[in-house]
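A short worksheet on the structure shown next.
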Amino acid sequence: MSQQQYLGKYRIDGILGEGGMGVVFQAFDPHIARTVAIKTVHPELLEGELGRDLLERFRHEAQAVGRLTHQNIVAIYEYEEDEKQGAPFFVMEYVEGRELKDYLREGTRFPFRQVLNIMSQVLDALEYTHSLGIIHRDIKPANIILLSDGTVKIADFGIARLESSDLTQTGGVLGTPNYMSPEQCLGQPVDARTDLFSTGIVLYELLTGNKAFPGDLSNTVIHRIIHDMPGKPDTSNAEVIRFFNTVVKKALAKKPEKRFQSATEFRNAINGFKDRRRRTDKRPRFRLWMAIMALAGFLIGEHAYQWYREGRAVPPEPVELSIPQGLPAVPGLAPPVATQRQGTPVVLSQAEQEKVARLLAVARAHLMVGRLILPQGSNAYDAYQLVLEMDPANAVAQQGVEMVANRLVEQSLQLWQAGELEAARGQITRGLELFPAHNGLLALRQRLDAQSGTR
């Protein structure tokens, strides 16, 4: 049996990863009885004059990086130096998740909305660090960890520096070639905008599955970063193309003054697409209608076909709302606020009647499978709204909109009962965007806020 290894007081339990700067170990802190991650630096990097300057950087800036406390940043607990070799190491929060690098290596393609959510969290973290004058300088998929609940953590501030630091070497190049900014490649002074360029590279890779600046040789990669713009995504999704042209291209501008000037500005541009709702687009697309028809035929089959051909107005079945056992009574859940619209009956053409019937069939199918207010793709709420745009007095659509609100309350209660409070809160928040006066949703949010306040 091999002898147990220690680094200072920390027991080394395994290797989590290894890179150009050093090795990351899984370790155990016996004083606090917790698992930690320890990032070490290869001793050979500390040799000579350059090595001494690098060690001095770590010593002076470890305190600045160590004070970072943000939900999207892997916490650094302390900085120490190995007594034998004098090599520095960081003791960090141990995070159970997977690096984006692993997903990309496997060929995983995240949905567009999830890509936006991941990058929004990265920019939240950078907004915080930049406000403290700290630049990461090595934003890349290997340093972005995705947890099972969707939370993002940025790791490895090992080569981060303070904007005010006078320890930066003139002409020194630190970073990972495929994800460096042009100014990093040229060895020029950098500021927070270098992180935004690297973030844009990661965003492009998540969006397309391809590296923005591919190549195995550093010189080839650096030439492309300085001179080339990556190709547009190979997709027919107009929203993705619009996002590339308006957001990604700006993030990857060669000159810093042409990019987003802050993480806040970059994040706001991303959130503008996150919050975009399909129902605001009044121009139906052929591909969307084909998808709706296919979904309706698959889920409902011949019954739905006969239903809309005969023109029968079959309202959705009512659902009785109840509070699951073990949850406190929530006033206002029964009955919820009605959401029916008032409208004047209109005369529809035969084609319009068939279109309304198809939409109602699709909406009913979505209700059956729980697709209520998804931010991407067809859903029950949007289908009913399209009907009401054509026929504001349509009773089936009015009842359907109310049913969506009721189902949102029901789903939120189920999440609450399962202990998934953040998921329940997110569902309620999305629901209140559509139904701001709904008693059930308002009451649930009030009780969740009260429960969180007592913890």
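Label segment 1-94 by shape, choosing from rounded, prolate and oblate, from the square roots a ≥ b ≥ c of the eigenvalues of the Cα gyration tensor; if a/c is under 1.5 it is rounded, and otherwise prolate applies when a/b is larger than b/c, oblate when it is not. If you can, show how the numbers build up before the last one.
Numbers: a/c = 1.82, a/b = 1.16, b/c = 1.57.
Note, shape of segment 1-94 comes out oblate.
What is the Cα coordinate range of segment 97-276 on the first, second and third principal axes, sorted by size from largest, in whole angstrom?
46, 32, 30
Once you sort the root eigenvalues of the Cα gyration tensor of segment 42-151 as a ≥ b ≥ c, which label holds: rounded (a/c under 1.5), prolate (a/b larger than b/c) or oblate (the other case)? Display every interim value, and only then the final one.
Working: a/c = 2.29, a/b = 1.81, b/c = 1.26.
Here segment 42-151 falls in the prolate category.
Just to confirm the filter: which GluC sites (Glu not before Pro) across segment 368-445 are DSSP coil and have at most 16 other Cβ within 10 angstrom of their Cβ?
Values: sites: Glu389, Glu402, Glu410, Glu420, Glu422, Glu433; in loops: Glu420.
For GluC sites (Glu not before Pro) across segment 368-445 that sit outside H, G, I, E and B with at most 16 neighbouring Cβ atoms in 10 Å, the list reads Glu420.
Glu99's amide H: which non-local residues (gap 5+, or another chain) put their own amide H closer than 5 Å, with H modeled 1.01 Å from N in plane and none for Pro or chain starts?
Leu146
Listing Leu348, Leu54, Leu217 from the residue with the fewest other Cβ atoms within 10 Å to the one with the most, what is the order? Intermediate values should be presented prior to the final figure.
Working: Leu348 14, Leu54 22, Leu217 9.
Listed from fewest to most nearby Cβ atoms, that is Leu217, Leu348, Leu54.
Please go through the residue pairs Lys153/Lys258; Lys101/Lys153; Lys140/Lys249; Lys39/Lys140; Lys232/Lys355 and name each one whose alpha carbons sit more than 24 Å apart in this structure.
Working: Lys153/Lys258 28 Å; Lys101/Lys153 13 Å; Lys140/Lys249 18 Å; Lys39/Lys140 17 Å; Lys232/Lys355 35 Å.
Over 24 Å apart, Cα to Cα: Lys153/Lys258; Lys232/Lys355.
Using a 10 Å cut-off around each Cβ, can you sort Met390, Met180 from fewest to most neighbouring Cβ atoms? It would help to have the intermediate numbers written out before the result.
Numbers: Met390 15, Met180 28.
The order, fewest Cβ neighbours first, is Met390, Met180.
Bear in mind that the values in this text are calculations on the coordinates, not laboratory data. Since this is a predicted model, take the numbers as computed values, not measurements. Glycine gets a Cβ as well: all are built from the backbone with ideal geometry, and neighbour counts include every protein chain shown.
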